[in-house]
Amino acid sequence: MVLFTELTTAAIIFLISHILISTLLSKTTGRRRLPPGPRGWPVIGALPYLGAMPHVSLAKMAKEYGPVMYLKVGTCGMAVASTPDAAKAFLKTLDINFSNRPPNAGATHLAYNAQDMVFAHYGPRWKLLRKLSNLHMLGGKALENWANVRANELGHMLKSMSEMSREGERVVVAEMLTFAMANMIGQVILSKRVFAKKGAEVNEFKDMVVELMTVAGYFNIGDFIPLLAWLDLQGIERGMKNLHKKFDALLTKMFDEHKETSYERKGKEDFLDVVMANRDNSEGERLSTTNIKALLLNLFTAGTDTSSSAIEWALAEMMKNRRILKKAQAEMDQVIGRNRRLLESDIPNLPYLRAICKETFRKHPSTPLNLPRISNEPCEVNGYYIPKNTRLSVNIWAIGRDFDVWEKPLEFNPERFLSGKNVKIDPRGNDFELIPFGAGRRICAGTRMGIVMVEYILGTLVHSFDWKLPNDVIDLNMEEAFGLALQKAVPLQAMVTPRLTLDVYAP
């Protein structure tokens with residue numbers, strides 16, 4: 001009772017102090033012009049305005065307040081960039097000033113207290129994690145080295161789908177992709193397929209990944225009003241802790257089994273072997289077992305969920321507009337024929353397929369709001385003052401639907417990337433009209449891998465099968481479910497029919 005009284009008193013003092021400090025700050029920063037934005041409520045600020053779909057709410061606000069907004073969210077200031085020029089100002093011109101992540105519950109409870117690569121402080125440990133990941137898994141040469149793994153796993157998927165077609169079974173796209181991608185990544189990291197067959201274990205893993213991406217994207221009250229964090233008013237942190245236990249048990253099991261079989265891989269080391277052997281760098285930084293487990297969590301979750309959601313959205317758009325599907329198949333039939341599978345080396349000769357992928361990245365970016373960053377020092381953008389410790393959100397979803405940037409942006413139209421001003425636009429972080437993976441030094445480490453996986457797997461699925469909705473599905477639901485990754489609210493299910501010679505689907 002005494003403790004509760006003390007906490008209540010502290011909360012009241014905090015609220016009064018916050019209102020007074022906010023008033024004083026508004027007066028002192030009044031001489032330095034902050035970007036425009038909604039006034040918000042006392043204490044909680046603009047939190048109620050964000051709603052269940054913050055990327056949509058912030059896009060609507062940007063139409064009123066402009067491309068650079070400033071919101072007071074709890075005790076934190078937040079800048080929001082909603083156009084290519086605004087994004088470029090923050091992520092290129094001021095990249096080093098916004099090179100760190102703000103503290104948050106996701107980093108604490110899911111990512112081993114920010115011991116991973118995604119949330120780590122910009123410094124020697126982050127650089128070591130990034131370097132090892134690029135050299136041995138995510139970089140261009142590394143991707144070439146495990147191309148046969150992608151091809152073999154895709155062979156398993158084609159065989160399974162052709163069997164489902166014969167049995168008249170519907171394909172649940174997200175489950176199928178999770179199974180294939182987790183096994184691809186598992187073979188590179190651990191030298192083994194992590195799932196022997198589709199079933200309850202795969203579905204549980206998929207549900208865990210989706211839950212992680214969902215809860216990590218929430219605007220958690222405790223992140224913005226630290227004094228209230230202990231209350232966990234939304235139950236988010238409780239869910240994160242339970243989810244972390246499940247992932248940690250899975251990763252610990254993988255780690256221990258891998259260690260026990262190290263003698264079997266002499267001369268043919270996998271990613272985890274290489275990381276364990278190079279866990280020290282010249283600057284005296286040493287990766288702990290916790291760092292390595294946190295890195296594996298990044299690779300397995302982001303590596304499966306973001307690419308699979310992009311492929312699912314692309315297939316859904318093509319099933320809504322069969323003209324696009326047929327045009328893509330016609331291009332592949334001309335380049336590849338129907339007597340063999342698509343190879344990764346075919347992709348440069350398939351401009352329409354690549355245009356479909358770019359259009360998917362534009363309209364359905366895997367991360368609608370970039371992972372937040374925070375300013376190390378005060379700075380100026382577009383003539384506006386941005387205080388130190390301001391959180392930054394870049395609304396990638398809004399940029400992709402900007403009527404001043406794109407013609408008819410709500411339409412799914414791959415042809416926009418085949419001619420005219422958009423033909424040279426690339427999604428790798430240099431063209432700010434299309435930054436599905438972010439930009440700057442904290443761009444997604446898996447950008448190359450994500451593009452390769454989406455182009456190769458989507459192309460193979462479109463080339464290998466005809467796609468149609470199950471008979472009991474009248475209209476395809478295209479609603480979004482918000483999270484760190486942008487999911488379809490209703491998972492895509494489809495009936496598939498093989499369209500290549502039968503030997504292509506043999507194991």
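For the reader, a short list of remarks on this structure follows.
- Answer from L272, L251 - the residue that is open to solvent by less than 10 Å² (accessible area, probe 1.4 Å), touching a residue at least 60 places away in the same chain (Cβ under 8 Å) and not in a loop (DSSP other than H, G, I, E, B): L272
- All positions within the stretch 63-98 that are surrounded by fewer than 21 Cβ atoms within 10 Å (Cβ to Cβ) and in contact with a helix residue (DSSP H, G or I) (Cβ under 7 Å, 6 or more places away or on another chain): T75, C76, P84
- Any hit, the stretch 54-69, residues being modelled with pLDDT under 95 and either in a loop (DSSP other than H, G, I, E, B) or within 35 Å of the chain's Cα centre (by Cα) (or both): no
- Residue in the stretch 463-487 that is nearest to the chain's Cα centre (by Cα), counting only those that are without any contact (Cβ under 8 Å) to a residue 24 or more places away in the chain and under 30 Å from L371 (Cα atoms): E479
- Residue, farthest from A316 (Cα to Cα), within the stretch 459-507, restricted to residues that are open to solvent by 50 Å² or more (accessible area, probe 1.4 Å) and part of a helix (DSSP H, G or I): D503
- Filter pass, A86 being among the small types (G, A, S), part of a helix (DSSP H, G or I) and farther than 27 Å from M240 by Cα: yes
- Selection of the stretch 357-395 for residues being within 30 Å of G459 (Cβ to Cβ) and part of a loop (DSSP other than H, G, I, E, B) yields H364, P365, S366, T367, P368, N370, L371.
- Restricted to the stretch 99-198, the set of helices (runs of 4 or more DSSP H) holding at least 1 residues that are over 22 Å from the mean Cα position of the chain (by Cα) and surrounded by fewer than 22 Cβ atoms within 10 Å (Cβ to Cβ) comprises 124-133, 140-145, 147-167, 173-190.
- Qualifying residue in the stretch 333-342 (condition: outside any helix (DSSP H, G or I), touching a His at 6+ places or on another chain (Cβ under 8 Å) and over 24 Å from T178 (Cβ atoms)): yes
- Whichever residue in the stretch 423-439 is more than 16 Å from S82 (Cα to Cα) and of a type outside the set (K, R) and, among such residues, is most open to solvent (accessible area, probe 1.4 Å): N430
- All positions within the stretch 292-307 that are in contact with a helix residue (DSSP H, G or I) (Cβ under 7 Å, 6 or more places away or on another chain) and not small (G, A, S): I292, K293, L295, L296, L297, L299, F300, T301, T304, D305, T306
The values are calculated or read from the model by the stated rules, or taken from the named source; none is laboratory data. Not measured: the values here are computed from a predicted model. Cβ atoms come from the backbone with ideal geometry, glycine included; neighbour counts cover every protein chain shown. Note: areas computed on protein heavy atoms with side chains; ligands, DNA, RNA excluded. Shrake-Rupley method; radii C 1.70, N 1.55, O 1.52, S 1.80 Å.
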